[in-house]
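Here's the structure we're looking at; comments come further down.
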Amino acid sequence: MGRAFVYVILGGGVAAGYAALEFTRKGVSPGELCIISEEPVAPYERPALSKGFLLPESPARLPSFHTCVGANEERLTPKWYKEHGIELVLGTRVKSVDVRRKKLLTATGETISYKILLIATGARALKLEEFGVDGSEAENVCYLRDLADANGLVNVMQSCSSGNAVVIGGGYIGMECAASLAINKINVTLVFPEVHCMARLFTPKIASYYEEYYQSKGVKFVKGTVLTSFEFDSSGKVMAVNLRDGSQLPADLVVVGIGIRPNTSLFEGQLTLEKGGIKVNGKMQTSNDSVYAVGDVAAFPVKLFGETRRLEHVDSARKSAKHAVAAIMEPKKSGEFDYLPFFYSRVFGLSWQFYGDNVGEAVHFGDYSSGTFGAYWISKGHLVGSFLEGGTKEEYEAIAKATSLKPPVEDLAELGQQGLNFALTISKKPQPALPIEVIRSTSGLVLEKPVYAWHAAAGLVLTASIAGFAYWYGRRRRRW
Ligand code: FAD
């Protein structure tokens, strides 16, 4: 015999914390909800691990960054869960799930049953071994996905002050770790196979700005090659990394950030999977009526783009969790998840935000030497994505709103010249309730209108809150 709950959240990360808060707001009763997590601590704001957690002075430590402080909400400490009658089953891996019988089996041998299951298992860091390189177990080879990884990284970092670090991977984990290591006065070389950093998002022009900035902070870049093997000392520590281009880099510390894989394995053969994640509908409900999925593990319909996406960003984890709980607790009141993809990063004194999709043609704007610049992405004649570095509250709100409206754009050169004014103008325009054909701006830019007006109405609150939250993040120099 095991325990039984009405609601079980499987996974104890960002989405779990935001879901728990929403469950209490929707009136969950004490004893009805349980969170099972492999991690030994209550849900926390994972982005802190590559930012405030790695600072040399006054680093962020729990309990300061438990969810939901990242969205300016309550900080849910273990005491909060207790007070709300929410069972936290921590340090406990779920090793199998039977969705037909509505039961989970933990690694400690307990069976936990549920009426409704919310999957929030997130993702795991890809290991070097999956790319044919051995050595992940060496004590100075670090990954960064959870608190244990972050503690390990801090320990190694502190033992190699002024030493050499090699960061493998030029995505956001690699970039944020490289910046943090440099701030800790470690000599950093960033190695990645692409031609520039953040290749999945940045254009070459945007990337060159950040690369030059990093170089000014002493970070070196080795591009277009990959790690092939390590050199170890007699104690098994890595001393150097060998690259495919034949070069060798000395290393006191290696940080690996080569991507993640959603934790879907418990559900393979039981739930429909798509895009590497668990497929859900607009209510975050999986192919089994009693099972919902949120956060990094969920592949959900992004209305704005008319297709299913799986996102690996904290804002999506928070909002999808909230939406799923609303759909579970108030099914009649809740509509389809209408989400504008948003993510951000902060490194050194820099801070950028991105909304939408980076497909189609990129149009750069702003003065790249002034520290405030950006890009729009235009696909099939419409604005679909916006990137901004160093913006103000109003500017971030404007690009968020403009992106959610998907306005038509005909003249890309003109758009580049207008730059932020384009988004500012669009965002200030009252959005008509009924579709109208075309608005021609004084500049000649065609700002056809709201065939997407419904987005304006429905998305207004959403985008305002996204941008408000984003601004709050960016300007207050948050550490998570
Ligand atoms: P997670 O937060 O990963 O939580 C998953 C939880 O499930 C974990 O506690 C895990 O232990 C548990 N779990 C998994 N399998 C099992 C099992 N079988 N049994 C029990 N428990 C299980 N995003 C941004 O937009 N901006 C950023 O700046 C940013 N920075 C980041 C920095 C770092 C270092 C990392 C790692 C991520 C960052 N992200 C950022 C991404 C963001 O943190 C994730 O998108 C978010 O954490 C996803 O939330 P989640 O709840 O889906 O998964």
Open item on the list: Within segment 339-367, name every residue whose backbone N is under 18 Å away from a label modeled 7 Å from Cα of Glu307 along the Cβ vector.
Closed with: 339-342, 355-362
Task: Principal axis dimensions, segment 128-258 - Cα atoms, whole angstrom, descending - done: 43, 29, 25
TODO: Just name one of Phe305, Ala138, Pro193: the one whose Cα is farthest towards the positive end of the charge dipole of the chain (beta-carbon charges, Lys/Arg +1, Asp/Glu -1).
DONE: Phe305
- [ ] Rounding to the nearest 20 debye, state how big the charge dipole of segment 1-132 is about its Cα centre with +1 on each Lys and Arg Cβ and -1 on each Asp and Glu Cβ.
- [x] 380 debye
Task: Sites Asp289 and Lys380, calculated FRET efficiency, Cβ-Cβ separation with R0 30 Å, nearest 0.05 - done: 0.25
TODO: Once you have a ≥ b ≥ c as the square roots of the Cα gyration tensor eigenvalues for segment 1-82, tell me rounded if a/c is under 1.5, and otherwise prolate or oblate according to whether a/b is larger than b/c.
DONE: prolate
TODO: Kindly provide the pair-distance distribution of the chain built from C-alpha pairs, with 10 Å bins from 0 and whole-percent values in order of increasing distance.
DONE: 4, 19, 28, 26, 17, 5, 1, 0
Open item on the list: Using the Cα centre of the chain as origin and beta-carbon charges of +1 (Lys, Arg) and -1 (Asp, Glu), tell me which of Ser290, Ala207, Thr92 is placed farthest towards the positive end of the dipole.
Closed with: Ser290
Task: Only Lys, Arg (+1) and Asp, Glu (-1) charged, at Cβ; segment 128-258 dipole about Cα centre in debye - done: 540 debye
Open item on the list: Could you check the spin-label model distance between Ser159 and Lys185? Points 7 Å from the Cα along Cα→Cβ, value in nm.
Closed with: 2.0 nm
Task: Considering only the chain, percent of DSSP beta bridges that pair antiparallel, nearest 5 - done: 60 percent
Task: Least to most buried among Ser345, Ser161, Ser229 (fewest other Cβ within 10 Å first) - done: Ser161, Ser229, Ser345
- [ ] Taking H placed 1.01 Å from N in the peptide plane, check which residues at least 5 places from Val167 or on another chain put their amide H under 5 Å from its amide H.
- [x] Thr189, Leu190, Val191, Val255
Task: Gain upon complete extension [Glu330, Glu361; 0.36 nm per residue less C-alpha separation] - done: 7.1 nm
Task: Computed E for Leu55/His84 - FRET, C-beta separation, R0 25 angstrom, nearest 0.05 - done: 0.20
Task: Arg100/Arg244 FRET efficiency (R0 45 Å; Cβ-Cβ; nearest 0.05) - done: 0.45
Task: Size of electric dipole in the chain: Cβ of Lys, Arg +1 and of Asp, Glu -1, about Cα centre, debye, nearest 20 - done: 1240 debye
Open item on the list: Within 10 Å of each candidate Cβ there may be at most 12 other Cβ atoms; applying that plus a DSSP loop requirement, which GluC sites (Glu not before Pro) in segment 89-189 survive?
Closed with: Glu137
Task: Interatomic Cα distance distribution for segment 349-428, bins of 5 angstrom, percent - done: 3, 19, 31, 28, 14, 4, 1, 0
TODO: Would you kindly compute the Cα radius of gyration of segment 190-338 and its largest Cα-Cα separation (Dmax), both in Å?
DONE: 21.1, 64
TODO: Restricting to segment 139-244, compute how many DSSP beta bridges are antiparallel as a %, nearest 5.
DONE: 35 percent
Task: Filtered GluC sites (Glu not before Pro), segment 10-68: DSSP coil and at most 10 other beta carbons within 10 Å - done: Glu57
- [ ] Work out the charge dipole of the chain with +1 on the Cβ of Lys and Arg and -1 on the Cβ of Asp and Glu about the Cα centre, then indicate which of Gly276, Gly257, Val28 is farthest towards its positive end.
- [x] Val28
Open item on the list: Which trypsin sites (Lys or Arg not before Pro) in segment 1-40 sit in a loop by DSSP (not H, G, I, E or B) and have at most 15 other Cβ atoms within 10 Å of their own Cβ?
Closed with: Lys26
- [ ] Mind listing the long-range amide H neighbours of Leu76? Cut-off is under 5 Å, sequence gap 5 or more, other chains count too, H placed in the peptide plane at 1.01 Å from N.
- [x] Thr67, Cys68, Val69
TODO: Go through segment 7-14 residue by residue and turn each phi into a ³J(HN,Hα) via Karplus (6.51, -1.76, 1.60, θ = phi - 60°); whole Hz please, and just put x for glycine and proline.
DONE: 10, 10, 9, 9, x, x, x, 4
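Every read-out reported here was derived from the displayed coordinates using simple, explicitly stated rules and does not represent laboratory data. Computed from a predicted model, the values in this text were never measured in an experiment. Virtual Cβ from ideal backbone geometry, glycine too; neighbours counted across all protein chains shown.
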